[in-house]
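> Handing you this structure, nothing more for now.
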Amino acid sequence: MNTSDQTLPGAPVDHRAAVAAETARFVAVLDGADLTTPVPSCPDWTLTDLARHAGSVQRWFSLLLRQRVQERPTTRDVELHLPEHADGYPAWLTASAAVAADAFAGTDPDGPMWAWGADQHARFWARRMLFETLVHRVDAELALGLEPTLDRALAADGVDEFLVNLPFAQFFAPGLANLRGADRTIRFSCTDGQGDWLVRLRPDGFGLAPDGADTDADATLRGTAADLLLLLYRRLDSASPAVERSGDEDLLALWFANSQF
């Protein structure tokens, strides 16, 4: 997987601006494409379904931001203003990003909010929206036989976002309850810059080990930030030679069988 150097490693990611940029890239992929094209990485979806999902997520998250919700919503109802015809989805997705930008402009990113993940602030939703958009942009490119390119810093931030929030996703990803072990560890290590994460499986669950930088791991996955991100989201096969595997293969098999959300 290609990785660009648009952003210097270690530079902070502007998630709000990146949502707009990634949506624009997504729309550019859709423009002129046959929107009935199947999306292999999202079984039973076409490009139309993919665009509808991405824009709907942006509009729902935007509603949560405008309402500054303080507890888990009981409904996902939001006015979508869907286009009448499939060829209207690229413009509709652009409009969805504009809805998000308006919600961002009216929200303090440090304001307290309910979130299903680790960070109980409004900024959680911009970061989550970014990676929903980025990964589905990749899905569109893969469906059309294009080679996705990911900014290295965005990809590294996406790996972090995924691993930080994964333990909190059990209410909609029940397989995560199987990620348990007697103090077993998996390291995810970037080969193209900063980025090293140690996940520790305990008898009562799993999570990132904050003190894991100098800890030996039972299993390790090493690759570029882009390849690690796409591996975590199953957009890269777990057996791909792009990512180096070492250590306990049974532990890695347990991870890949249960770490989706």
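> Hey, what number do you get for the chain at 222 nm if only DSSP H runs of n ≥ 4 count, each worth -39500 (n - 2.57), divided across all residues, to the nearest 500?
Result for the chain, helices only: -13500 deg cm²/dmol.
> Given contacts defined as C-alpha pairs under 8 Å and at least six residues apart, what's the relative contact order of the stretch 168-225, whole-number percent?
36
> Would you mind putting 223-229, 82-88, 251-257 in packing order, based on average other-beta-carbon counts within 10 Å, highest first?
223-229, 251-257, 82-88
> Shifting gears a bit: Taking a label point 7 Å from the Cα of residue 34 along the Cα→Cβ vector, which residues of the stretch 138-175 have an amide N closer than 13 Å to it?
Taking a point 7 Å out along Cα→Cβ of residue 34, the residues of the stretch 138-175 whose backbone N falls under 13 Å are 144-145.
> How high is the relative contact order of the stretch 1-121? Use alpha-carbon pairs under 8 Å, at least six apart in sequence, and give a whole percent.
Dividing the mean separation by the residue count of the stretch 1-121 yields 29 percent.
> Count neighbours as other Cβ atoms within 10 Å of each site's Cβ, and list the chymotrypsin sites (Phe, Trp or Tyr not before Pro) in the stretch 151-196 that are DSSP loop with at most 10 such neighbours.
Of the chymotrypsin sites (Phe, Trp or Tyr not before Pro), the ones in loops of the stretch 151-196 whose Cβ has at most 10 other Cβ atoms within 10 Å are 171, 172.
> To continue, here is another question. Using a 1.4 Å probe on the protein heavy atoms, what percent of the accessible area of the chain belongs to carbon and sulfur?
Roughly 52 percent of what the probe reaches on the chain is carbon or sulfur.
> Could you identify which residue out of 98, 21, 182 has the top mean-square fluctuation in a GNM of the chain using Cα springs shorter than 10 Å?
Of the options given, 182 has the highest mean-square fluctuation.
> Taking the 0 to 90 degree range and rounding to the nearest ten, how far is the long axis of helix 89-105 tilted relative to the main principal axis of the chain, both from C-alpha atoms?
Here the helix axis deviates by roughly 70 degrees.
> Sticking with this one: Mind checking the per residue accessible area of the chain for me, 1.4 Å probe, whole number of Å²?
It amounts to 45 Å² per residue over the chain.
> Further question: Describe numerically, in nm with one decimal, the distance between label points set 7 Å from Cα along Cα→Cβ at residue 66 and at residue 170.
Taking the two extended label points, one gets 3.5 nm.
> May I pose another question? Please compute the contact order of the chain in relative form: average sequence separation of alpha-carbon pairs under 8 Å and at least six residues apart, divided by the residue count, as a percent.
Result for the chain is 21 percent.
> With the calculation restricted to Cα positions, what are the radius of gyration and Dmax of the stretch 69-209 in angstrom?
Rg, Dmax (Cα atoms, Å): 17.9, 54.
> Hey, another quick one. Give, as a single signed number, the net charge of other residues whose beta carbon lies under 12 Å from the beta carbon of residue 237, with Lys and Arg counted +1 and Asp and Glu -1.
Once all neighbours under 12 Å are counted, the net charge is +2.
> Still on this structure: Please state, to two decimals, what the Cα-based radius of gyration of the chain comes to when divided by 2.2 N^0.38 Å (N = residues).
Normalised Cα radius of gyration, the chain: 1.01.
> Continuing with the same structure: Multiply the residue gap between residue 146 and residue 216 by 0.36 nm, knock off their C-alpha separation, and tell me the result in nm, one decimal place.
Between residue 146 and residue 216, full extension yields 21.4 nm more.
> Sticking with this structure for a sec: Could you state the per residue volume, in Å³, of the convex hull enclosing the Cα atoms of the stretch 1-130?
Spelled out: Cα convex hull of the stretch 1-130, divided by residues, is 140 Å³.
The values are calculated or read from the model by the stated rules, or taken from the named source; none is laboratory data. Keep in mind that this is a model prediction, so the values were computed, not measured. Note that we place each Cβ from the backbone using ideal geometry, even for glycine, and neighbour counts take in every protein chain shown. Surface areas here come from the heavy atoms of the whole protein model, side chains and all, with no ligands, DNA or RNA. Shrake-Rupley method; radii C 1.70, N 1.55, O 1.52, S 1.80 Å.
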